[in-house]
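Here is the structure we will look at.
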Amino acid sequence: MRRGQGIFQPYYNLAKLFSKDEVISETASWIFRVTPVIVLSSALSAMVLMPMLIFSSPMRQMGDLLALIFIFSLGRFFLALSALDAGSPFGGMGSSREMFISSLSEPAFCLAVFALSLQFGTTDISALSGSHAVFVSSVVAAAALLLVTVAETSRIPVDNQETHLELTMVHEAMVLEYSGRSLALIELASYIKQMVLFFLIAQIIFPIAVPELDNLTQGFLWLSWYAARIMIIAAIIAVIEVAVAKMRLFRVADFLGFAFVLGVIAVVCAMLGV
């Protein structure tokens, strides 16, 4: 009957990390030092591309869904490079595993984006905002994105951010040499990335229309449903984490292979107009 940590514990951890000093390896170069800033900047850039609090992206002229994939890849590339730069054997192991997983998740992510672009006729992220019909291709693409999100955010059964077991850790192996404010920036970037992916899935399968500003009741209902969509996606991820055991690394290929197949089905359904 032990009680677990509260839901605000990650934020307490961030506050604690920001108040601590850093310990940097003697073999680390400038890449190791600038990587936390680049990772956080890429996450913030992805957040600005998404119309998360408004119905039009403030940077819609500078990027779309395809740019979103490349921005996430930029942060992943520098994080893997910094893990090698620290000279730790765990960093090299985590980097190779991260690149293996990304080589499987990014094609599925791209196929889901292609299906959405065929369905909406554009890769503009703002096209997902507002009220629109939910097609079979959109639902299948959202299912593929859900599996990709599990891998991209280092969740069970693909990875476990809380483990320090060298045989299983992926993300934790890459950030093992970081501490203090640098580690806090990387953790904050992972939270932002998770929220962006959750919002993208919610916009696909739970579309909402722009509320009338002069109607307080409609505005309150809109805000309630806006928050409930994210909670639904978070609950699904939580159920997956507690219901499925951590799989072996080479079984991840089957997991993300299924996401790839869902992406192909979504593209076919979008081409057929269903």
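Here are the numbers for the structure shown:
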quantity: Leu167-Ser73 pseudo-label distance in nm [points 7 Å out on the Cα-to-Cβ vector]; calculated: 3.4 nm
quantity: Global geometry of segment 158-274, whether rounded, prolate or oblate, following the gyration tensor of its Cα atoms and the 1.5 cut on a/c; calculated: oblate
quantity: Max mean-square fluctuation residue, GNM over the chain, Cα-Cα springs under 10 Å, options Ser45, Ser95, Ser25; calculated: Ser25
quantity: GluC sites (Glu not before Pro), loop per DSSP, at most 12 other Cβ atoms within 10 Å - longest free stretch of the chain; calculated: 27-161
quantity: Distance (nanometres) between label positions extended 7 Å along Cα→Cβ at Met62 and Phe18; calculated: 2.3 nm
quantity: Listed residues Ala83, Ala67, Ala189, most fluctuating in the chain (Gaussian network, C-alpha, under 10 Å); calculated: Ala67
quantity: Longest exposed-site-free window of the chain, the sites being trypsin sites (Lys or Arg not before Pro) in a DSSP loop that have at most 13 other C-beta atoms within 10 Å; calculated: 21-247
quantity: DSSP H segments from the chain that extend 18 Å or more along their own axis, Cα-based, with Kyte-Doolittle mean of 0.5 or above; calculated: 30-49, 65-85, 89-120, 136-152, 180-205, 216-243, 252-272
quantity: 15 Å beta-carbon shell around Glu162, net charge (K/R +1, D/E -1); calculated: -3
quantity: Listed residues Tyr11, Tyr191, Tyr226 arranged by accessible area, highest first, probe 1.4 Å; calculated: Tyr11, Tyr191, Tyr226
quantity: Solvent-accessible area per residue, Å², over segment 68-183 with all protein chains present [probe radius 1.4 Å]; calculated: 36 Å²
quantity: Carbon + sulfur, % of accessible area of the chain - ligands and nucleic acids excluded, 1.4 Å; calculated: 68 percent
quantity: Relative contact order (%) - the chain, alpha-carbon pairs under 8 angstrom, separation at least six; calculated: 29 percent
quantity: Highest-fluctuation residue, Pro51, Pro89, Pro107 considered, GNM on the chain with Cα pairs under 10 Å; calculated: Pro89
quantity: Inter-label distance, nm, simple model (7 Å from Cα along the C-beta direction), Phe258/Val134; calculated: 2.1 nm
quantity: Length gained when the stretch Lys246-Gln9 is fully extended (0.36 nm per residue, less Cα-Cα span); calculated: 83.0 nm
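The values are calculated or read from the model by the stated rules, or taken from the named source; none is laboratory data. What you are looking at is a predicted structure, and each value in this text was computed from that prediction instead of being measured. Here the Cβ is made from the backbone with ideal geometry for all residues, glycine too, and neighbour counts use every protein chain on show. Ligands, DNA and RNA are excluded from the accessible area calculation, which covers all protein heavy atoms including side chains. Shrake-Rupley method; radii C 1.70, N 1.55, O 1.52, S 1.80 Å.
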